[in-house]
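The values are calculated or read from the model by the stated rules, or taken from the named source; none is laboratory data. Quick caveat, the model's predicted, so the values are computed rather than measured. FYI the Cβ positions are ideal-geometry reconstructions off the backbone, even for glycines, and counts take in every protein chain you see.
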Amino acid sequence: IGYLPIDTDASNLFFQLISKRYEKHSTIITTNMPFSSWGEIFGSPVLAQAILDRLLHHSHVISIKGESYRLKEKMDFFANSVSNS
């Protein structure tokens with residue numbers, strides 16, 4: 001969530017999906033955006049709050065902080081390439 005813009009129709013469909021799954025199925029969401037920014041992502045703070053309300057009830061939030069592994073690997077590769085040249 002948050003990597004690409006979500007238009008109004010997609011936001012409404014996502015809300016419907018989350019509502020149908022609410023308290024019936026497990027759902028995993030990954031994002032690099034804080035919950036406070038979800039109003040901007042979905043184009044409506046009210047809709048974002050309704051989605052978050054359903055997602056966060058009975059949830060386990062795992063916050064991972066730190067550098068990107070993909071970026072770190074590439075930086076290590078370039079550092080080793082330059083030192084071996």
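Output the number of the condition that GLY2 fails; it satisfies all remaining conditions of (1) of a type outside the set (A, V, I, L, M, F, W, C); (2) surrounded by 10 or more Cβ atoms within 10 Å (Cβ to Cβ); (3) modelled with pLDDT of 90 or more; (4) touching a helix residue (DSSP H, G or I) at 6+ places or on another chain (Cβ under 9 Å).
(3)
Being of a type in the set (Val, Ile, Thr), at pLDDT 85 or above and part of a helix (DSSP H, G or I) is the filter; apply it to segment 33-85 and report the residue that is surrounded by the fewest Cβ atoms within 10 Å (Cβ to Cβ).
Step by step, filter segment 33-85, then rank; the result is VAL46.
Residues ILE51, ILE64: which one is of a type in the set (Val, Ile, Thr) and over 26 Å from LYS20 (Cβ atoms)?
ILE64
Would a scan of segment 11-34 turn up a residue that is more than 30 Å from SER68 (Cβ to Cβ) and of a type in the set (A, V, I, L, M)?
No, because not a single residue in segment 11-34 is more than 30 Å from SER68 (Cβ to Cβ) and of a type in the set (A, V, I, L, M).
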